[in-house]
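Structure record follows, encoded as structure tokens.
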Ligand SMILES: CC(C)(COP(=O)(O)OP(=O)(O)OC[C@H]1O[C@@H](n2cnc3c(N)ncnc32)[C@H](O)[C@@H]1OP(=O)(O)O)[C@@H](O)C(=O)NCCC(=O)NCCS
């Protein structure tokens, strides 16, 4: 197989559409996130037009397998958003390759911290649907995956659970904050 990582800005029009499709399909378990290709292409366009954003796509034999983006909030900290792999090609290393590409770019830019919010809006962890108060951090320490939440993917890559934003997506739908020191 021939594969490459390309800056999102260097994709052809067709490849950009593929990136939009991958975003819709990979996030189908959170239907309001990017409900259709139009919403996804608006997100892709943000990365093409906004100089504070950076994104990379992974291509295999010319087909987009996934893409990763980041918001360059400061000289020292980038927010990873989003990371998506075509559902038909997950668990084949594409997510890991994309993460490595982003971290390489961040290191080269002098970034110290990459952070991300890993929402649980679909019941992927044992915190879903529960009230975290009053001992929010105590509950967070008992975090565990119940059905395929990606926070364990990030843990495998050195990311640490560093906080939680309770109920920010509705009651019991928390955003799990993760960070990595590069
Ligand atoms: C999470 C995601 C980016 C991982 O990409 P990937 O290409 O499937 O991951 P890789 O093949 O590089 O690594 C897979 C490993 O990560 C771990 N992992 C943990 N949670 C996972 C999940 N939800 N999906 C895939 N792998 C997961 C597993 O250990 C897995 O190894 P295994 O297959 O031997 O069990 C991808 O599954 C995806 O796009 N998911 C939907 C969108 C999403 O949730 N994005 C993250 C938002 S914060």
>> Quick check on residue 118: is it touching a residue at least 60 places away in the same chain (Cβ under 8 Å) and under 23 Å from residue 65 (Cβ atoms)?
In response: yes
> Which of the residues that make up the stretch 112-166 are more than 15 Å from the ligand (Cβ to nearest atom), surrounded by fewer than 18 Cβ atoms within 10 Å (Cβ to Cβ) and in a helix (DSSP H, G or I)?
Replying inline: 136, 137, 138
> Taking residue 91 and the conditions (1) touching a helix residue (DSSP H, G or I) at 6+ places or on another chain (Cβ under 7 Å); (2) part of a loop (DSSP other than H, G, I, E, B), which numbered condition does it fall short on, given that it satisfies the others?
Replying inline: (1)
>> So for the stretch 54-67 (the condition being at negative phi and without any contact (Cβ under 8 Å) to a residue 40 or more places away in the chain), does at least one residue qualify?
In response: no
> What is the one condition in (1) at pLDDT below 95; (2) over 14 Å from the mean Cα position of the chain (by Cα); (3) within 13 Å of the ligand (Cβ to nearest atom) that residue 32 does not satisfy?
Replying inline: (3)
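The values are calculated or read from the model by the stated rules, or taken from the named source; none is laboratory data. Not measured: the values here are computed from a predicted model. Every residue, glycine among them, receives a Cβ derived from its backbone with ideal geometry; neighbour counts consider all protein chains shown.
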